[in-house]
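Notes follow the structure.
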Amino acid sequence: MGMKITVVGTGYVGLVTGTCFANAGNNVICLDVDENKIEKLKNGISPIYEPGLDELITRNTKAGRLKFTTDMEWAYSEGDIVFICVGTPCSEDGSANLGYILGAARDIGDAIERLDAKTIETSKIVIVKSTVPVGTNVLVSSEIQRHTKKPFRMASNPEFLKEGAALNDFNKPDRVVLGVSHPSTSPVLHELYAPFVRQGNPIFVMDIPSAEMVKYASNAMLATKISFINEIANLCESYGADIGEVRRGMCSDRRIGNQFLYPGVGYGGSCFPKDVQACVSMGRQTRGSTPLLSAVHEVNQRQRQLFSTKILDHFGGHDVSGKRIAIWGIAFKQGTDDIREAPSISIMSRLMDRGAEIVAYDPVAADNCKEKMGDRVQFCDNPVDCLDDADALVICTEWGEFQHPDPEEFVSRMRSPVIFDGRNLFNEYKLQSFMEAGITYYSVGRNVMTGNTNTSDSNTPDTDPATPMAPART
Ligand code: NAD
């Protein structure tokens, strides 16, 4: 029943991949070198937060289709299909660090070499699911061949899931991309993915370099959209336009659309920042150049800086000693506990370096933040407790639970009711209620709004749209 699959790496991608393949009736072994992770998983505890994942892990583990191990020998001997899902983080020079992936290739080669010929009825298919620069499959193949003379087939199958919606994305992918070099590989993978594309979404089969490139091109495009809208937002802010209105007017053009065009504090996470830099590095290595993507990265890094400068400017300069600043949201986006490259980390660090005391709330990312930043950041169990005696609130993540605050809580709890909204979370009615309550509200790409504490004309925000704000300092 089902195919025999080994998934290498139980991070966000490996764990979701292994669990979803098991849920589709396959026999899956998830292998990791991290003993703590595997121990947790064996006890039914997911090391990551991903909505719906725990339940699916438990169900498939109980059914005997999903197993977790650190035993390479066993894991590699069992799987006919091996998915490599290890990390490809950013090296210091911006290129993708292939250390983990080549390490896995070496392990696979060693394991295949030790198998007796009878065990390998058909050659194993080794599939790179990690996001890798073009040419990496060739390197992986060579590394395996350095350790075994036995046959295997390579394939590329980049993953497009989004953290926070990973199960849905995996189970109903917009498309599946397969890079294959051997004609016999494609039918096997079509069969494996058949249950996931029953609604007719396409499986694209192509050469391996193109498949590797599809993933980088997709992430580079999405990152470009975010940096683009942030750059326009900054212009809006400098000239007194409202990015919300500009966005409405612009995005109704069907050629443009409205996806991934939300202004904010910039993108973060374990993919866009490193993948854009890896593209830049690919360009550099071939003497090609990628000025657009270099700028996308630069605009993104600057966006966090501009936002924290806005906060410092509000307090009159560069010293915020003695100021207590509340932070809502640490995760790089809602729906995940992932804080890798999260804008919140840069913003908090800059404020702390300038003397601020930080008190934060995040529904799921607190433990990861404590691990990274120690006790420099205090945590609250709920968003409102965070507000007590705060001189400002900074919103870094667009969690749903932040979207309907009671303005009175800001006024009664905070030392001064000032909000810096890095996600432009609130609609005009909510902003109206903020103004009526006397709250000062900063966002991205719009004028600052200062609430009117004088009740005689409390409906009118105390802003003059004709007066452009001074451009924020970098
Ligand atoms: P991760 O860092 O969360 O997990 C990687 C795991 O691999 C770790 O648990 C690590 O211990 C394990 N590992 C490392 N070397 C190993 C080895 N030799 N044998 C067994 N296990 C090993 O990574 P992730 O976020 O899941 O990303 C994995 C890859 O998928 C990356 O290339 C990433 O760019 C890509 N990707 C990530 C996402 C995402 O949303 N996180 C989405 C699409 C693609």
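Tabulated values for the structure
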quantity: Count - residues of the range 17-44 that are more than 8 Å from the ligand (Cβ to nearest atom) and assigned to a helix (DSSP H, G or I); calculated: 14
quantity: Residue check for residue 294: among the hydroxyl-bearing types (Ser, Thr, Tyr) and farther than 25 Å from residue 417 by Cβ; calculated: yes
quantity: Any chance residue 172 is within 16 Å of the ligand (Cβ to nearest atom), basic (Lys, Arg) and either open to solvent by 50 Å² or more (accessible area, probe 1.4 Å) or within 30 Å of residue 363 (Cβ to Cβ) (or both); calculated: yes
quantity: Test result for residue 21, surrounded by 20 or more Cβ atoms within 10 Å (Cβ to Cβ) and in contact (Cβ under 8 Å) with a residue 60 or more places away in the chain; calculated: yes
quantity: Only one of 444, 377, 394, 411 that is β-branched (Val, Ile, Thr) and farther than 28 Å from residue 243 by Cβ; calculated: 377
quantity: Looking only at the range 285-305, and only at residues there that are over 24 Å from residue 244 (Cα atoms) and in a helix (DSSP H, G or I), the one that is nearest to the ligand (Cβ to nearest atom); calculated: 293
quantity: Residues being more than 13 Å from residue 227 (Cα to Cα) and within 16 Å of the ligand (Cβ to nearest atom) - total across the range 244-284; calculated: 11
quantity: Residue within the range 246-257 that is surrounded by 18 or more Cβ atoms within 10 Å (Cβ to Cβ), in contact (Cβ under 8 Å) with a residue 40 or more places away in the chain and either in contact with a helix residue (DSSP H, G or I) (Cβ under 9 Å, 6 or more places away or on another chain) or over 22 Å from residue 329 (Cα atoms) (or both) present; calculated: yes
quantity: Check on residue 188, open to solvent by 20 Å² or more (accessible area, probe 1.4 Å), more than 16 Å from the ligand (Cβ to nearest atom) and free of Cβ contacts under 8 Å to residues at least 40 places away in the same chain; calculated: no
quantity: Only one of 194, 165 that is under 19 Å from residue 83 (Cβ atoms) and among the small types (Gly, Ala, Ser); calculated: 194
quantity: Qualifying strands (runs of 3 or more DSSP E) (wholly inside the range 55-134; at least 2 residues being more than 11 Å from the ligand (Cβ to nearest atom) and buried (at least 18 other Cβ atoms within 10 Å of the Cβ)); calculated: 66-69, 124-128
quantity: Residue within the range 210-226 that is basic (Lys, Arg), assigned by TED's automatic domain parsing to the domain that holds residue 109, more than 16 Å from the ligand (Cβ to nearest atom) and open to solvent by less than 50 Å² (accessible area, probe 1.4 Å) present; calculated: no
quantity: Search result, residues across the range 318-358 that are out of contact with any strand residue (DSSP E or B) (no Cβ under 7 Å at 6 or more places or on another chain), crowded, with 22+ Cβ neighbours inside 10 Å and under 22 Å from residue 415 (Cβ atoms); calculated: 320
quantity: Residue among 163, 231 that is in contact with a helix residue (DSSP H, G or I) (Cβ under 6 Å, 6 or more places away or on another chain), within 16 Å of the ligand (Cβ to nearest atom) and either in a loop (DSSP other than H, G, I, E, B) or open to solvent by 10 Å² or more (accessible area, probe 1.4 Å) (or both); calculated: 163
quantity: Qualifying residue in the range 306-315 (condition: hydrophobic (A, V, I, L, M, F, W, C), more than 16 Å from the ligand (Cβ to nearest atom), in contact with a strand residue (DSSP E or B) (Cβ under 9 Å, 6 or more places away or on another chain) and part of a loop (DSSP other than H, G, I, E, B)); calculated: yes
quantity: Selection within the range 354-372 - within 25 Å of residue 317 (Cα to Cα) and without any contact (Cβ under 8 Å) to a residue 40 or more places away in the chain; calculated: 355, 356, 357, 358, 359, 360
quantity: The range 423-474 - residue that is among the basic types (Lys, Arg) and farther than 22 Å from residue 409 by Cα and, of those, modelled with the highest pLDDT; calculated: 446
quantity: Subset of the range 1-16 [among the small types (Gly, Ala, Ser) and assigned to a helix (DSSP H, G or I)]; calculated: 14
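Here is a yes/no grid of residues against (1) in contact with a strand residue (DSSP E or B) (Cβ under 7 Å, 6 or more places away or on another chain); (2) of a type outside the set (Val, Ile, Thr):
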{"position": "54", "(1), (2)": "no, yes"}
{"position": "57", "(1), (2)": "yes, no"}
{"position": "77", "(1), (2)": "no, yes"}
{"position": "80", "(1), (2)": "yes, yes"}
{"position": "89", "(1), (2)": "no, yes"}
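The values are calculated or read from the model by the stated rules, or taken from the named source; none is laboratory data. Since the structure is predicted, the reported quantities are computational estimates derived from the model, not experimental observations. As a convention, Cβ positions derive from the backbone with ideal geometry for all residues, glycine included, and neighbour counts pool all protein chains shown. When the accessible area is computed, the model is the full protein with side chains, heavy atoms only, and any ligands, DNA or RNA have been set aside. Shrake-Rupley method; radii C 1.70, N 1.55, O 1.52, S 1.80 Å.
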